[in-house]
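All remarks here apply to the structure that follows.
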Amino acid sequence: MATVRSIFSKSESGDLAAVNVFAGRVECARVSRNGAERPVVEFCSGHPYQADTLQRLRRELYLKRFRCSTLLPAPQYQLQLLDAPNVPDAELKSAVRWKLKDFLEYTVDAATVDVVQVPADAGAPTRGRSLYAVSARNVDIEARMKLFAQAGIPLRVIEIPEMAQRNIATLLETDDRALAMLTFGEEGGLLTFSARGELYLSRRIDVSFEQLTHAAGDMREQMFERIALELQRSLDHFDRQFSNVPVARVLLGPVPAEIGLTQYLAGNLSAQVDSVDLGEVLDFHKVPELREPGEQMQRWQTLGAALRSDPV
């Protein structure tokens with residue numbers, strides 16, 4: 001069990017590649033920095049998943065040269081916002097495990113747990129600190145590790161979509177102001193607030209990319225109203241909790257321009273709303289198809305995982 005628990009821990013440095021196994025497909029990406037003005041996407045591709053796909057990609061992309069990360073899908077983990085226990089850092093995970101026992105549908109002994117500390121609000125020094133507790137069933141972590149081990153791919157970290165999105169947001173933040181980022185995928189909408197490269201707040205919105213793009217007429221209007229309401233509530237909540245970190249703008253991830261969501265939100269929110277173009281912060285000359293918004297949306301989480309700069 002020690003091997004399972006160590007998968008989140010810091011390890012050696014080196015080049016990182018993201019290898020994500022989704023339903024029916026595998027996506028791989030690597031991003032190099034090397035002092036360039038914009039990080040360079042060395043490769044980013046999707047492949048139908050078959051029994052030998054990971055082994056083939058290991059050979060074709062020379063994945064054994066890299067430290068590899070992978071994403072857990074949303075149904076396989078829980079993200080719980082908790083008050084940070086008043087204990088030394090060395091005891092933090094143990095204390096969090098104890099606090100999680102009332103939130104999990106399985107015993108805490110059957111869980112792998114990690115923590116993401118939320119920065120304190122300098123404007124409210126007496127307020128207690130918070131953290132996000134990330135928990136997943138040991139059997140799911142073990143299954144993912146076994147999949148990579150059988151393929152001969154050196155897995156060093158298991159990531160979650162919230163942190164992958166934070167990695168992208170870090171490239172788009174300005175000064176000491178916060179950035180709210182909203183994206184839509186197969187698992188619904190993901191809203192994150194980040195500043196100075198740190199995740200402050202995360203919320204899920206129960207609207208998938210497919211629902212968003214296929215709705216029409218009154219149904220689309222109702223969906224837009226729901227998204228705008230959730231966003232405004234989250235903006236208000238963030239302002240109350242982190243009054244010293246004003247939100248610079250809301251960035252909407254790649255969605256078809258013709259559906260009009262960006263314009264709708266811009267006209268109905270108190271914050272500035274813009275659309276994301278990753279081509280402004282990433283160099284796509286080696287993968288030119290990523291200049292298309294649809295490709296950026298498809299590879300969003302994988303690019304985010306490949307952008308991880310924390311030691312792993």
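The values are calculated or read from the model by the stated rules, or taken from the named source; none is laboratory data. Quantities reported herein were computed from a predicted structural model and do not represent experimental measurements. Note that each Cβ is placed from the backbone with ideal geometry, even for glycine, and that neighbours are counted across all protein chains shown. Each accessible area value is taken on the protein alone, full model and side chains, heavy atoms only, with ligands, DNA and RNA left out. Shrake-Rupley method; radii C 1.70, N 1.55, O 1.52, S 1.80 Å.
General observations
- Helix-only CD estimate at 222 nm, as mean residue ellipticity for the chain, using -39500 (n - 2.57) per DSSP H run (n ≥ 4): -9500 deg cm²/dmol
- Looking at the stretch 150-258, the trypsin sites (Lys or Arg not before Pro) that sit in a DSSP loop and have at most 15 other Cβ atoms within 10 Å of their own Cβ are Arg177, Arg196.
- When both bridge partners sit in the chain, DSSP labels roughly 70% of those beta bridges antiparallel.
- Annotation: amide H-H contacts under 5 Å for Arg25 (H modelled 1.01 Å from N, sequence separation of 5 or more, or interchain): Tyr49.
- When you restrict to C-alpha pairs under 8 Å that are six or more residues apart and normalise by the size of the chain, the relative contact order lands at 23 percent.
- Spatial offset of the stretch 234-301 relative to the stretch 42-113 amounts to 25 Å, using the alpha carbon center of each.
- Taking all Cα pairs closer than 8 Å and separated by 6 or more residues, the relative contact order of the stretch 130-229 comes to 17 percent.
- In the context of the full set of protein chains, residues of the chain present 48 Å² of accessible surface per residue (probe radius 1.4 Å, heavy atoms only).
- Exposed-site-free run, longest, the chain (rule: GluC sites (Glu not before Pro); DSSP loop; at most 16 other C-beta within 10 Å): 188-312
- Rounded percent of accessible protein surface that carbon and sulfur make up, the chain, 1.4 Å probe: 47 percent
- Partner aspartates and glutamates whose Cα lies under 16 Å from the Cα of Lys286, excluding those fewer than 8 positions away in the same chain, are identified as Glu37, Glu42, Glu295.
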